[in-house]
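Engineer: Here it is: the structure, laid out below.
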Amino acid sequence: MQRAMLAGAMLVSLADGSFDREELHALTMDLRDARFAHRSQLVHELADVPPLRTEPRTPVTYAAYQREAVETIRSAVGILAAKAPAELRDFRDFVVRLAEAVADANLKGDILGAGRVRRTPDEVAAVEVVKQALGLG
């Protein structure tokens, strides 16, 4: 379940090339907040993850990671739907929240400020992939 929860955020991060410090910070803050204040006991427990590593074990690209991430998320949704359907909505919402937090973590674009965007088209598409894997799209 924790892998599925983090897979969406990682997928969105890889959409623009790499997992950077701002994205790690946004993810860490949302996980910390959920550990202490989320209404769902399941999300509260899943958010209690060990410190996150910034470098994957092997170099990973979006294309290489997408299938595994989608399968992991779908599997978790299937398990929750069967075993804890009351927790499914909170889980889905939280996975989307983490993916969006990573997408919004830093501004992309022109260095001088003109043309900056919060989310790149690739990040927007990756968030949609996460939503579809969760059964929301």
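The values are calculated or read from the model by the stated rules, or taken from the named source; none is laboratory data. Predicted model, so just to flag it, every value in this text is computed and none were measured. Reconstructed Cβ throughout: ideal geometry from the backbone, glycine too, with neighbour counts over all protein chains shown.
Engineer: Among G113, G135, which is assigned to a loop (DSSP other than H, G, I, E, B) and at pLDDT 95 or above? Show your work before the answer.
Structural biologist: Values: G113 fails: at pLDDT 95 or above.
Exactly one residue qualifies, and that residue is G135.
Engineer: Can you find a residue in segment 47-55 that is buried (at least 20 other Cβ atoms within 10 Å of the Cβ), in a helix (DSSP H, G or I) and either of a type in the set (S, T, Y) or under 16 Å from the mean Cα position of the chain (by Cα) (or both)?
Structural biologist: no
Residue-by-condition table, conditions (1) over 22 Å from T120 (Cα atoms); (2) of a type outside the set (S, T, N, Q):
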{"residue": "R3", "(1), (2)": "yes, yes"}
{"residue": "L6", "(1), (2)": "no, yes"}
{"residue": "A26", "(1), (2)": "no, yes"}
{"residue": "V43", "(1), (2)": "yes, yes"}
{"residue": "A47", "(1), (2)": "yes, yes"}
{"residue": "T61", "(1), (2)": "no, no"}
{"residue": "Q66", "(1), (2)": "no, no"}
{"residue": "L80", "(1), (2)": "yes, yes"}
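Engineer: Right, next: If A69 satisfies all but one of (1) surrounded by fewer than 20 Cβ atoms within 10 Å (Cβ to Cβ); (2) in contact (Cβ under 8 Å) with a residue 24 or more places away in the chain, what's the number of the condition it fails?
Structural biologist: Evaluating A69 over (1) surrounded by fewer than 20 Cβ atoms within 10 Å (Cβ to Cβ); (2) in contact (Cβ under 8 Å) with a residue 24 or more places away in the chain leaves (1) as the failure.
Engineer: Could you look through segment 87-110, keep only residues that are assigned to a loop (DSSP other than H, G, I, E, B) and modelled with pLDDT under 85, and pick out the one that is nearest to the chain's Cα centre (by Cα)?
Structural biologist: Step one: list which residues in segment 87-110 are assigned to a loop (DSSP other than H, G, I, E, B), which gives 104-107, 109-110.
With modelled with pLDDT under 85 added as a condition, the list becomes 106-107, 109-110.
On the way: N106: 15, L107: 18, G109: 22, D110: 25 Å.
The qualifying residue nearest to the chain's Cα centre (by Cα) is N106.
Engineer: Test R57 against the stated conditions and say whether it is farther than 22 Å from E123 by Cα, at pLDDT below 90 and not β-branched (V, I, T).
Structural biologist: On the way: farther than 22 Å from E123 by Cα: yes; at pLDDT below 90: yes; not β-branched (V, I, T): yes.
Considered against the rule, which asks whether it is farther than 22 Å from E123 by Cα, at pLDDT below 90 and not β-branched (V, I, T), R57 comes out as yes.
Engineer: I've got another one for you. Residues being under 21 Å from V60 (Cβ atoms) and in a helix (DSSP H, G or I): count how many of those fall in segment 13-35.
Structural biologist: Our first condition is that a residue be under 21 Å from V60 (Cβ atoms); within segment 13-35, this holds for 13-28, 31.
Of the ones still in play, those that are also in a helix (DSSP H, G or I) are 13-15, 21-28, 31.
Total satisfying the criteria: 12.
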